[in-house]
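Everything on this sheet refers to the single structure shown next.
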Amino acid sequence: MSSGHSWKWLRRISLASIYNQADLPDRAEEYYRQALVLQPENPYRYYNLAKFLIDKDRNVTEGIELIEKASGLGLMNSIMQTVRAGDFSNRGSTKRRWI
């Protein structure tokens with residue numbers, strides 16, 4: 001995989017977020033789905049799309065299915081590893097942030 005391809009998902013997530021904030025849900029969904037296609041092994045891509053679909057009441061059933069898929073790919077394990085690794089330590093602060 002080329003380095004250019006490996007970052008395409010980030011552009012899609014960024015655009016999805018921008019369109020979501022601009023209240024353009026069709027475009028946001030399109031980019032969340034594109035990010036998922038680019039990284040189907042990443043549980044966060046399923047979670048991003050699921051959260052969007054559920055929060056916007058676009059397709060709650062599909063959103064729940066995507067959450068189940070993300071869980072099957074180890075979403076909670078991934079979150080816990082991140083927390084244990086101190087990624088949420090506020091970079092030098094003694095306060096801890098939680099998801």
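The values are calculated or read from the model by the stated rules, or taken from the named source; none is laboratory data. Model, not experiment: these values are computed from the prediction. Note: ideal-geometry Cβ built from the backbone for every residue, glycine included; neighbour counts use all protein chains shown.
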Subset of the stretch 30-64, residues loosely packed, with under 14 Cβ neighbours inside 10 Å and either under 13 Å from residue 16 (Cα atoms) or not polar (S, T, N, Q) (or both), comes to 37, 40, 41, 55, 57, 60, 62, 64
Quick count over the stretch 32-44, residues being modelled with pLDDT of 95 or more and charged (D, E, K, R), is 1
Taking first residues from the stretch 1-27 that are in a helix (DSSP H, G or I) and second residues anywhere that are hydroxyl-bearing (Ser, Thr, Tyr) and modelled with pLDDT of 95 or more, the pairs with Cβ under 7 Å that are 6 or more apart or on different chains are 12/31; 15/31; 16/31; 16/32; 19/31; 27/19
